[in-house]
Every structure is written in structure tokens, then in C-alpha cells.
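Trainee: Below is the structure I would like to discuss, written out as C-alpha cells.
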Amino acid sequence: MTTTLIRNAAVVVTMDQARREIEGGGLYIRDGWIEQVGPTDELPTEADTVVDLRGHVVAPGLVNTHHHLYQTLTRAVPGAQDAGLFDWLKTLYPIWARMTPEHVRVSTQVGLAELARSGCTTTSDHLYLFPNGSRLDDQIEAARSVGMRFHAARGSMSLGESSGGLPPDSVVESEDAILIDTQRVIEAFHDPEPGAMIRVVVAPCSPFSVTTDLMRSSAELARTFGVTMHTHLAETIDEEDFCVETFGLRPLDYAESVGWMGDDVWFAHAVWIDDEGVQRMASTRTGLAHCPSSNMRLSSGVAPVRQYRDAGVRIGLGVDGSASNDGSHMLGEARQAMLLARLAAAPGPTRPAGTAMPAREALEMATLGGASVLGRTDIGSLAPGKAADFFAVSLDRLEYAGALHDPVAALVLCAPVTVDETWVDGVPVIRGGRLVAVDTDELIARHNRLAAGILRDV
Ligand code: ZN
């Protein structure tokens, strides 16, 4: 049995039901679980480990609900820098087809390190192509080596170019192989218990890369094993045109027709959803990963976030893959979500101004919102009985000079910073701004060698 005392924080942001922000606060942790939260003088005075976070803001670990970690190998690729989704994908598919298990492992570590340094403690990842013997196992091993809480989405593509899909035939798998391997990884790795470090998600890639049959059989498989389901949906107008031409249905209607709505489902993007669709997402408890940077980077559109929030839709944030962001900064993503929502609320020639999104609401989407989207009640807030996942930022820094009257809002309003502490399950992943378990310099050098290798002809 181990205990940890975090004490004297300038402020602890709890995101508990009362949304308390406790000045001079701390946490008392036992075996990875929060036992007490409160002012330091009301907490025990001793523990196996005592960490004084004087001058720091402490907040619940951020939850990233959509990523493609392997894409850290292909950031800022010439030819894909200014394209929209379909051309961007067609440029990148042949490069991604060269990945090996080593590329998957190293890029996963790089993306997770970057996320952890931005305050993220839990991430989902959507890996949907498995070239040259790559397996989901490679990612899960990498996540364990860094110490992040990880929802590994076993993605898939089965609709190649010759059958009317977007990806080249060389990167799609047979549907039998996809279903067999997905069941294998659920049985090998999925932990349904509270406090789970690894969960598996069933995740066919998108309407334009997967057949209707695979969408249906994936949903059946997921529901047989009680795991969650994830896919890209309604990301661009091109996708909507594809769905109408191919299925005679708009994306949300298509998803519903193949069994893909419900409290065990979350979509990435959901940009092109009308008011009726927003209500249907709310009434079915279907969740979504809002990815503002990626939506801006690819000129995909602006998701109706105010409408989702007002309707009570489960909504979290996603940095999305690093080929369309091109970073994995969760505090940065919260800031982007706030700014884009404010731009969407600006008055136009035919509409009045909407309500601006406060910084604290963006932070709530990045914590409680993300936890809800991933189907978890054990993370997302700092309260007794929750997992001890948190990050801390020193306020003594250039970025916050002049903002100390509201350090919580500063986390989102000021320039995104690299955090000083990130703890997952009561264990430090980042201490003093540095990754604990992996040598970052060596990792960066290895990752750059691998990236140069698969980009050799570009
Ligand atoms: Zn994506």
C-alpha cells in the first residue's frame, strides 16, 4: 500500500460537482486512487511520498478522445500541407503503407510524450492500418512504457479503391481478418474494471474506407464484448457527398442505419450535422470528439459545438492525428476549441452574435467531457474515489506574467505551456517537465531517423 500527499498548490481545480477551485489545496492518494481533496491544512500531514506544489495550479488530467499517433512520423509533409481531407489522405496513404512495428512503437511513444507534456493523462488512439506486420499490441506496449492511460481503438479499412473506396487496395484488410484480430485484442488487452489502464475500442475508419457489412459486424462484435465503438463521421462535405451517392443517406442517417448510435459510440469530428442531427445525438447519448485544430488545418468546417453543449451531447476534445494538427497539445486544443467557438459565435450578416465560450467550459470539455465520451466515470475530476490523474503547472513563468489573478483561466487563455507535472494512476509520468520513463533525446533521434526513412521519396 502506497500513499502520496500533494500539498500547498496555489489552486486545485477539482471539476467536481460543485466545480470547486481550492486555494492552498492538495490531494491525498492511496494506491492510485484519490482519497481526499481539500485545503492542505485539512489533509493528512504525512505520506510515503510528499510533493509540495507551492506556486502551481493543479488540475484533472486532460483526456484526449481522438488521435492517430503514427502520424507523428508524417507531420508537415510536403504535398499534404495545404490539401483538403481526401487529397491529403491520398498523398499520405502510400507513405503510411511503409510503416513497420518499430514505426508504430516509436511514433506512439513520441505522441504520448508530447501529450503528457501538455497535461494529458488518458488518450484514445485510432490505428486503422497495419502494414508490414504491425499490430495493435505494438501500441499498447508503447503506452505501457510511457505510463499513459490508453484506449486503443482497433481501426480498420476494408473498402479499397477497386471497390469504390478511397484508400489504395494495398492498405486495406479482409473483413474476416479484421474481425478475428479485433476479437483477439479485446480478449488479450481490454480491462473493463474501474481504474483500467488499457481498454480496447472497435473502430472501423470511415464511411469511405469501410463496407456497410463491416460497420454492422463491428457493432455486433463490440456489443457482444461490451466495448465502446469509434469512427470518423461527418468530417467534410466530400464525405457527405460520398455517403449520399453511395448509400443514398447523409452520414448520420447512414451511421444510424448500420447500428452506430448510442451511449457506447463516439464519432470523430461530427462537423456536418444539422440541428435535427444534434438533437438525435443528444437523445441517443452518442458522443463526439471535437477536433478544432484538424478541422481548421484541413478546412473541413466548424462543428456546431454551442448547439451540442446546449443540447447536452457528450462532447470531448481530440487533437486528431499529427499529420493534420500537427501537434499533440491538449491545453492548446482546449484553447483552439474556445477560440473557434467564439469565432462561430460572431455575428454575421444574417445572424446575431451567439454566446462566447468561457475558458473554464473549454477546460471542462477537455476533462469531464472527454471522460464521458470514453465512457469513464473514474477519471476527469479530482474527487474522492477518482483515479489520481492530474497535471500541475508552475505559475512562475513568462506566459502567465500578468494573469495570476485567475490562473485557472490562464491555462486556456494564455499561450499553451509545457506542464511541470503529469501523474497517472498516482505515478509521475512527467516530473519537473521531463518524461520519467523514456529518454526523450534518444526517442526524438530515433523517431526522426524512422520518419526520414518512410519519407525518402517525397
Ligand atoms: Zn482522425
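The values are calculated or read from the model by the stated rules, or taken from the named source; none is laboratory data. Source: prediction; values computed, not measured. Glycine also receives a Cβ, built like all others from the backbone with ideal geometry; neighbour counts cover every protein chain displayed. Accessible surface is based on the protein model in full, side chains and every heavy atom, while ligands, DNA and RNA are left aside. Shrake-Rupley method; radii C 1.70, N 1.55, O 1.52, S 1.80 Å.
Trainee: Return the residues of segment 429-452 that are open to solvent by less than 80 Å² (accessible area, probe 1.4 Å) and in contact (Cβ under 8 Å) with a residue 24 or more places away in the chain; say none if nothing qualifies.
Mentor: Val429, Ile430, Gly433, Leu435, Ala437, Val438, Thr440, Leu443, His447, Leu450, Ala451
Trainee: On to the next question. Please tell me if Ala113 is touching a strand residue (DSSP E or B) at 6+ places or on another chain (Cβ under 6 Å) and not polar (S, T, N, Q).
Mentor: Spelling it out, Ala113 is indeed touching a strand residue (DSSP E or B) at 6+ places or on another chain (Cβ under 6 Å) and not polar (S, T, N, Q).
Trainee: If a residue must be out of contact with any Ser or Thr (no Cβ under 7 Å at 6 or more places or on another chain), assigned to a helix (DSSP H, G or I) and closer than 16 Å to Leu339 by Cβ, how many such residues does segment 302-315 contain?
Mentor: Final tally of qualifying residues: 2.
Trainee: Now, a different point. Do you know which residues across segment 269-288 are of a type in the set (S, T, N, Q) and open to solvent by 20 Å² or more (accessible area, probe 1.4 Å)?
Mentor: Correct list: Gln279, Ser283, Thr284.
Trainee: Looking at segment 289-301, is at least one residue within 16 Å of the ligand (Cβ to nearest atom), in a strand (DSSP E or B) and open to solvent by less than 60 Å² (accessible area, probe 1.4 Å)?
Mentor: yes
Trainee: Return the residues of segment 70-115 that are in contact with a helix residue (DSSP H, G or I) (Cβ under 7 Å, 6 or more places away or on another chain) and under 21 Å from Phe391 (Cα atoms); say none if nothing qualifies.
Mentor: Thr108, Gln109, Val110, Gly111, Leu112, Ala113, Leu115
Trainee: Got a number for residues in segment 54-70 being farther than 21 Å from Gly375 by Cα and either away from the ligand (no atom under 16 Å from the Cβ) or part of a loop (DSSP other than H, G, I, E, B) (or both)?
Mentor: 5
Trainee: Output yes when any residue across segment 380-388 is open to solvent by less than 20 Å² (accessible area, probe 1.4 Å) and of a type in the set (S, T, N, Q), and no when none is.
Mentor: yes
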